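Below: the structure, in structure tokens.
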Amino acid sequence: MIGLIEGKVCHLSAPVACIMTASGVGYEIELPLPDFCQLQLDASVVVWTHLHVREDAQLLYGFIKHQEREVFRQLIRINGVGAKMALAMMSTMSAPELKQAVETDNEVALTRVPGIGKKTAQRLLIELKGKFDNIESSGGLFEVLEGMPKSAAGSEGVILAEVESALISLGYRDKEAQKAIKAARETEAGQNIVDTQSLLKLTLQQLSNF
């Protein structure tokens, strides 16, 4: 089991990062969007990983914090929640927000995650009860995003493509992702976007309002 990888970020293509270790091996790792936004090209990073083995592939999922990996592992233990859905949940809500949704039976919060309907949300609320008792209650997703270092500025086309690609990879439909991006860019803050992280943050806020 590959549990931890330390190395240099050599390539970023939301939400996948390629990290080159000191031994010369590069690992492709898929991360939740908030974690992906923390990575910087050529920067050193330590990522907690989960190796997911399928008949046709071996996939690595990564997390900046050890606690986040444990939340991911708890989610994929639930019947009907695969790695893709778990990653989408952790990209839409922070661990504390997920805990709060479960504790308050907030099915609406869960239905904002692509692929989760009302019935699935109701079942998840039941099955996840008490599973996140060790998670701190403070620190929402957007508070976390605020504290992230800014990504390097890039061309508008590249930024738009990266944000849309990241959302689609998590299960959002093309039109849904494009609608949210358009709404984000029409906000006052969105008119001066110069990096992927900022647009991603605004787009996630718009998706939470749909």
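Need the full-extension length gain, T21 to T104, defined as separation in residues times 0.36 nm minus the C-alpha distance. One decimal, nm.
Going from the current span to full extension adds 25.7 nm.
Take the Cα coordinates of the stretch 151-201, assign each an equal point scatterer, and use the Debye formula without solvent to give log10 I(q)/I(0) at q = 0.26, 0.29 Å⁻¹.
-1.00, -1.18
Classify the chain from the C-alpha gyration tensor, please: rounded if a/c falls under 1.5, else prolate or oblate depending on whether a/b exceeds b/c.
oblate
In what sequence do L12, L51, L204 fall when counting other Cβ within 10 Å, fewest first?
L51, L12, L204
Along the Cα-to-Cβ line of A57, 7 Å from the Cα, sits a label point; which residues in the stretch 7-37 have backbone N less than 15 Å from it?
Under 15 Å, as judged by backbone N against the label point of A57, lie 13-18, 28-32 of the stretch 7-37.
Can you give me the convex hull volume of the Cα atoms of the stretch 66-144, divided per residue and expressed in Å³?
83
For the stretch 46-62, in order, what is each residue's ³J(HN,Hα) by Karplus, 6.51 cos²θ - 1.76 cosθ + 1.60 with θ = phi - 60°, in whole Hz (x at glycine and Pro)?
Whole-Hz 3J(HN,Hα) from phi for the stretch 46-62: 10, 10, 7, 10, 10, 8, 10, 9, 10, 5, 10, 6, 10, 10, 10, 10, x.
Any idea what Rg and Dmax come out to for the stretch 4-63 if you just take the C-alpha atoms, in Å?
According to the Cα coordinates of the stretch 4-63, Rg and Dmax are 10.8, 33 Å.
I'd like the Karplus ³J(HN,Hα) series for the stretch 171-186: coefficients 6.51, -1.76, 1.60, θ = phi - 60°, whole numbers in Hz, and an x wherever there's a Gly or Pro.
Calculated HN-Hα couplings, in order: x, 6, 6, 3, 5, 5, 5, 5, 5, 5, 5, 4, 5, 5, 6, 7 Hz.
Put a dot 7 Å past each Cα toward the Cβ at A189 and T111; how far apart are the dots in nm?
Taking the two extended label points, one gets 2.6 nm.
Under a point spin-label approximation (7 Å from Cα along Cα-to-Cβ), what is the S13-E127 distance to one decimal in nm?
Rounded to a tenth, the inter-label distance reads 3.2 nm.
For the chain, give me the percentage of DSSP beta bridges that are antiparallel, rounded to the nearest 5 percent.
Roughly 95 percent of the beta bridges in the chain run antiparallel, per DSSP.
For the chain, modelled as a Gaussian network with Cα springs under 10 Å, which listed residue fluctuates most, D195, D133, D56?
Evaluated over the chain, the most mobile residue of the options is D56.
Since every read-out is calculated from the coordinates, none of them should be taken as a lab result. From a predicted model like this one, the values you see are computed outputs, not experimental measurements. Here the Cβ is made from the backbone with ideal geometry for all residues, glycine too, and neighbour counts use every protein chain on show.
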